[in-house]
Each structure stands twice: as structure tokens, then as C-alpha cells.
Amino acid sequence: MEMENFIVSARKYRPSTFNTVVGQQHITNTLKNAIRNNQLAQAFLFCGPRGVGKTTCARIFAKTINCEHPTENIEPCNECTSCRAFNESSSFNVHELDAASNNGVDDIRSLVDQVRIPPQMGAYKVYIIDEVHMLSLQAFNAFLKTLEEPPAYAKFILATTEKHKIIPTILSRCQIFDFKRITVQDIAEHLAWVAQSEQITAERAALDIIAQKADGAMRDSLSIFDQMANLGNRNITYPLVIENLNVLDYDYYFRLIDHLLSADIQQAMLLLNDVITKGFDGQHFITGLGDHLRNLMMAKDPSTVILIEIADSIRQKYVAQAQKCSLLFLVKGLELVNKCDAGYRAANNKRLSLEITLMRLTQLNENQPVASNQPIVPAQPSKQQTTTAVPPQADTQPVQPTERPQQAMASAQPAVVPQSNPSPQSIINHPMMPSASGVSLKDLEKKTANASEEAAKSQPRIQPFTFEQLESHWNDFAQSKQSESTLIYTALTQYKPVLEKETTIVLKLEGAVLEREVKNYLPDLLELLRNKLQNDQIIIETVLVEKPQDETRRPYTDRERYEQLNSENPNVSVLRDQLDLGIE
């Protein structure tokens, strides 16, 4: 049986008109208007990522401007002699040059010689130079004059994925069109149309995954589509795509966030183990977790939900889970995940790095108990209570057994922070105290000491401190980070802290990069200072300042150097006269 020649979908369904180009309406509308108004530039530069339609638009443009009977919507008729020749790849008016393999001066000279010959049929000769950034500098220079003043019938379309590599003299002679990445939704809809045309069964969720994997490139998505269609015997399902494209299912991340919110470390560790066992790379996992947290952040507000490029059914899952997450959890979680992703390759124990990140994420939920080193706001006394709260630093006297015992007992309710520490003996002798027979004084002293310690922990620390104490602990922290980060050590020792408003520390830094690096270490520094100085009201603020301009100019001529040396030491002129030396 003779087999038919198979044409891949990327070629078979390549757009042939402006209206069939996907996701580049801002480009196609501009080109159509230029043709309609007969305002065609001599050179165009199409730049953007791979597989987004640069060469395709160039071919459609070349076909349309030579069409003998274009439609009212400025589309080629596909019936005239020029259109038929173009469709059969036999047109002599369209020339394509691959600059990746023809990047020398001789290749450009050959092209310039061809430009001199007018078209035998049609109005224009179009030269499409793909990957133009690969041309050598000499080839660019040889091309400059022709590009600036070509014959009226010659049009040049340059295509590139790296616009920054093209010399400015070429850019200034072209109209520049920036192609954008095609959205996931546009790619998925186009794949659904291709599947329907090819009579292939495809789930929409599976097409969304293919579109995401293509990263904005239509050509890549069609190649993956063909592969999945063959693998699934013309039936593309979501599990098939997930398994064969090395993509982590959304369900993994939704379950992981639920475990993190409930502080279930054990289940989070088991889920991570399941992911690694199935062969997924650890960095791929942490990157996906960062994308998931980012999508949850976007789902927190209805105005930013559209920034989640995903199927509508999955988008609703994000919206539902985002309501469970606090803003603090998402922001801090993104910082932890980003830090783990940045240092993953350098980590010796990569799995431990992932596990530590997950453990720290479980501690970010606002519903978890407050750490012991954080201040707890004491409960306000009710209106029925007759006692008033006394500041922690005020001196208080033990409650005497003869002073209103009922009010004293009322002030000892659990909801109110104890204001004084009564002695064990006064507790025993209290009229409201039951008989202490069988209770040792030692046990009572131990219980009272524990109660006093808990009461002290519950109150915020406001111990005053001096700048010398602050500077000492500041330098100790900088010394401890010297082996870890030389940049942090230099920043903390070169830029000295300024103490303002008793507990506000201001650190003035030069450069945004240095400020971002220092901010990564500020939580650890703040915790150390609060513990060492016994003050929970300390805060650290960073201020970005501009580098001072050095108005002095170093001498650069021989006479200026001589005059500067002579001003510093007059003996220089004496020595010059004695030796009969010149200045220059």
C-alpha cells in the first residue's frame, strides 16, 4: 500500500491570509492599512520570539502587495497569476535568504546585484532575510546603502529573534514591528480548530497544557500536538499530556497548598516524595510551586484574575483556594520559593533544600500560634472589673490579705495579664484560698515562679539601649555573615546605621541591587537586635540614596600634572630648573 506524504500541522495549517494569523492583530492591521493607503516603507524589521508568525506575515505581505485583485479587506485573491505562482513556490518576485548560513559580504553583494533587476511580473520584488542578526558587521555595512535607497520596486523584510544584536544604523532605516508571544487561550483555541479539522479527539484541558508548554510559540504547540495525536492514537487526553510532557498536574499544587495552610508537614513531605519518585526534577517542582503561588496572588482580586492564563474550570479552582490564603502567606511564600529556586543548583543536598522550604511555608499561616519571641497584646479588662491595668515598668506591691480579697481574686482572671507577683506565703494566707493542708510551700513557689515567667514572656520587651550597644551587635552580625556573603558584610560595615526616634534604625544604601540584597538579611538582623537589646519595638528602615557626584577632575595633561605636583611640593620646580627639564 502506498503511503501518502504526511505534512506536519505547522506547515499544513500555516496562515495564508492576514485574517488567519493568530495573536498578532496589531501587526496585521498596520500592514493592511499601509497597503490600503499605499504608504509602504522600503524596509521592515519583524522581531519577536520564535514561532509567533514573523516569516509568515512577511510572506503574506509579499503575496498581498503583488496581488492583481486584492479583496476589499486587503487580502490576496489566490486566483491571479501572481498569487498562483506564490502558492506554487515558483514566484520570482519573492526571495528568501537565510542569514544564518549566508552571513558574509559576498552573500550580501550577490543580493544587491539581484536588486538591480526589476520584476518581470507584478509591482514589487520582496527580499525576506531571516535571522538577520547573524550577519557579520562587514555584511551589515555592505547592505546599508542599498537598504537606505533601494529602487522603488524593492522591499526588504528583515526577521530576527534578537533585535539587540542589530547595529543601530540598520535599525534606523527600518520600520520596526514587535511581535508578541501568543496567549495560551489563543493557542488552545487554534489547536481545537486544528483537531476538529483533522477529526482528532482532544480534551480542552489537554490543549491548555500543550499551549502552556509551547511558551507562546504557535509552531511549537503544533509540533507537540502532532506528537500527542500519534501517541494517543488520535485521542489527546489530559492524563496522556501530563504524563508525557513532564508536567506536574495542577492537583499536586492544590493539595500541597491545603497541607501548608493546615500546617500538615507530614503530608507535605509525602507529596514531595511522590513527585520526586515519579521522576520530576526538584527545580521543576519549586518553579511550578512559584507559578501556583503567583496565580493564587492574581486570583485574590477580580481585576487580576484575567492574568492567569489557564482554562476557566481551573481558574475557578484558583479563585476558591485564594480565598483561604492570606496576603501575608502568599507574599512570604513567594519570597521563600524564589530564594530556594535561586540557590537550588548550588545546594549540596537539593532535596533537603526543598523540604526546608516546605517546612518554613507551613509556618506562614496566620492561624498558627504566635512565636514566643513575638509580643502578645494583653486582653482589655471588662467594664465589670474594678482593677486597672498597670504598665509593665511600674513598681507594684503584693496583694495583702486584708485588702478587698474579692476584687483581688477578680483581677486574677485568665483573660487579664497579671500585674503583680504575689508571694507564696500571701497566697496561702489569703482568706479566699482553700486549706493548704497537704500542699508544700516548695510546690507553691515553683508554680508561682512558672506563672511569673509566663507573665513576663507575654509582655513586650521595651528595654532602653544606647547606640554603642546597637553598633556592637550590628558589627557582630556583619562578622557572622562575612563567610556567607561578602556583599552583605561590606554593606553593613561600610554603611553605618542611624538611630532615630529611639527605636527606629535607618540604613542609607547606594544602589537598588545592594538594597534588595540587604533586605533579604534584614529579618535575621532585626530578630538578633530585638533579642540582644531586649526591645521588641525596634524596626529597621532602608533608604535608597543617590551616589554623590565627584566634581573634582583628575589632571590628564603633562602641564596639569606638573602644576599639581608643584603646588604640593615647590621643590619640584627647583629640581626642574637645576636639571633644565621640560614639562612636555
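The values are calculated or read from the model by the stated rules, or taken from the named source; none is laboratory data. Computed from a predicted model, the values in this text were never measured in an experiment. A quick note on method: Cβ atoms are made from the backbone with ideal geometry, for glycine too, and the neighbour counts reach across all protein chains shown. Accessible surface areas use protein heavy atoms only, side chains included; no ligands, DNA or RNA. Shrake-Rupley method; radii C 1.70, N 1.55, O 1.52, S 1.80 Å.
Each label point was placed 7 Å from the Cα along the Cα-to-Cβ direction; for Met359 and Leu328 their separation is 2.2 nm. Spacing of the modelled spin labels on Gln537 and Ile167, each 7 Å from Cα toward Cβ, amounts to 6.7 nm. Restriction of the GluC sites (Glu not before Pro) in segment 118-225 to DSSP coil positions whose beta-carbon has at most 14 other beta-carbons within 10 angstrom yields Glu162. Annotation: amide H of Phe156 within the under-5 Å range of Ala43, Phe44, Tyr127, sequence separation 5 or more or interchain, hydrogens built in the peptide plane. Placing a pseudo-label 7 Å from each Cα along the Cα-to-Cβ vector at Ser136 and Thr557 gives an inter-label distance of 4.3 nm. Checking the cross-link pairs Lys12/Lys278; Lys350/Lys481; Lys213/Lys278 against a 27 Å limit on the alpha carbon distance flags Lys12/Lys278 as lying beyond it. Once the Cα-Cα distance is subtracted from the 0.36 nm per residue extended length, the Asn571 to Ala320 segment shows a gain of 81.9 nm.
Surface composition of segment 284-346: carbon and sulfur atoms hold 57% of the protein heavy-atom accessible area at a 1.4 Å probe. Subtracting the Cα-Cα distance from 0.36 nm times the residue separation, let me have the gained length for Lys519 to Gln479 in nm, one decimal. Difference between extended and current length: 12.7 nm. Look at where the Cα atoms of segment 277-330 and of segment 83-134 average out, and the two centres are 48 Å apart.
Roughly how many Å² is the accessible area per residue of segment 225-362, as a whole number, for a 1.4 Å probe?
Dividing the accessible area of segment 225-362 by its residue count gives 51 Å².
When a 1.4 Å probe is rolled over the protein heavy atoms, the share of accessible surface on segment 1-145 that falls to carbon and sulfur comes to 48 percent.
With 20 Å as the limit, the listed pairs Lys32/Lys125; Lys63/Lys165; Lys508/Lys532 have Lys63/Lys165; Lys508/Lys532 beyond it between alpha carbons. Calculated accessible area for segment 4-67 comes out at 45 Å² per residue, all protein chains present (probe 1.4 Å; ligands, DNA, RNA ignored). Note that segment 169-222 presents 47 Å² accessible area per residue, ligands and nucleic acids not counted, probe 1.4 Å.
The calculated FRET efficiency for Arg36 paired with Ala192, based on their beta-carbon distance and R0 = 35 Å, is about 0.65. Rounded to the nearest 20, the Cβ-based charge dipole of segment 1-144 about its Cα centre (Lys and Arg +1, Asp and Glu -1) stands at 380 debye.
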